[in-house]
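Report on the structure given below.
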Amino acid sequence: ENSLRQAIRSMNQNCVIDANEAITLQQKVDEALNNPKVKEWFNGDWDDVRVETDIAFNNKMSRRPDRVMIKGDRVVVVDYKFGRHHRDKHNNQVRLYMSLLAKMGCYKSIEGYVWYVMLGDVIDV
């Protein structure tokens, strides 16, 4: 939860969002944390959390999901979206991340989500 607050503060300080947008975004995040899935992502109970870390493939290419959480043989990948519309391409993007993680062969359980932060929606991919 603190990392989310820091990210919002950083976006405001770097002029990515203005002060009013920062307040609105923080309210949306606070509301989202009432969702048990979202709350689990930030509960500090993961063995490893990787934020915007590349998943390499084809020796030269990579993809970078927003958040990957690992606990044992379970991995959860989340991509944040701040727009106001659901898009199929967002689901496809998460499916690609999940496929790349599956090819690694390290995880028995792979979950993927698109989190539309401003809409308060969490889409199970």
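Where a number appears in this text, it was derived from the coordinates with a stated rule and is not lab data. Predicted model, so just to flag it, every value in this text is computed and none were measured. Methodologically, a virtual Cβ is constructed for each residue, glycine included, from the backbone with ideal geometry; neighbour enumeration extends over all protein chains shown.
Report, by chain and number, residues whose modeled amide H sits under 5 Å from the one on residue 121, excluding near sequence neighbours (fewer than 5 apart, same chain).
Correct list: 116.
Collect residues whose amide H, placed 1.01 Å from N in the peptide plane, falls under 5 Å from the amide H of residue 111; neighbours closer than 5 in sequence don't count.
Hits under the 5 Å cutoff: 75, 76, 77.
Calculate for the chain the 222 nm mean residue ellipticity that helices alone would give, adding -39,500 (n - 2.57) per DSSP H run of length 4 or more and normalising by residue count, nearest 500 deg cm²/dmol.
After summing the helix terms and dividing by the residues of the chain, the value is -12000 deg cm²/dmol.
Compute the helix-to-body angle for 2-13: its Cα long axis versus the longest principal axis of the chain, expressed 0 to 90° and rounded to tens.
Once rounded, the angle reads 60 degrees.
Please determine, in degrees from 0 to 90 and to the nearest 10, the orientation of helix 19-32 with respect to the longest principal axis defined by the Cα atoms of the chain, where the helix direction is its Cα long axis.
Taking the Cα atoms of the chain, the angle to 19-32 is about 50 degrees.
Taking 8 Å as the Cα distance limit and 6 or more residues as the minimum spacing, I'd like the relative contact order of the chain as a percentage.
Relative contact order of the chain: 21 percent.
Relative contact order for segment 56-125 using alpha-carbon pairs under 8 Å, separation at least 6, rounded to a whole percent? Intermediate values should be presented prior to the final figure.
Working: 109 pairs, mean separation 23.1, N = 70.
33 percent.
Residue by residue through segment 68-74, what is 3J(HN,Hα) from phi via Karplus (6.51 cos²θ - 1.76 cosθ + 1.60, θ = phi - 60°)? Round to whole Hz and write x for glycine and proline.
Result, rounded to whole Hz: 10, 10, 10, 9, x, 9, 10.
Work out from phi, with θ = phi - 60° and the Karplus expression 6.51 cos²θ - 1.76 cosθ + 1.60, the ³J(HN,Hα) of each residue of segment 93-107, listed in order in whole Hz, and give x for Gly and Pro.
Result, rounded to whole Hz: 4, 5, 4, 4, 4, 5, 4, 5, 5, 5, 5, 5, x, 9, 10.
I need the peptides 26-37, 92-103 ranked by packing, meaning the mean over residues of other C-beta atoms within 10 angstrom, with the highest value on top. Don't skip to the end; give the middle numbers.
On the way: 26-37: 14.2, 92-103: 16.5.
So the peptides 26-37, 92-103, ranked by packing, come out 92-103, 26-37.
Can you list, bin by bin at 10 Å, the percent of alpha carbon pairs in the chain, starting at 0?
12, 42, 34, 11, 1
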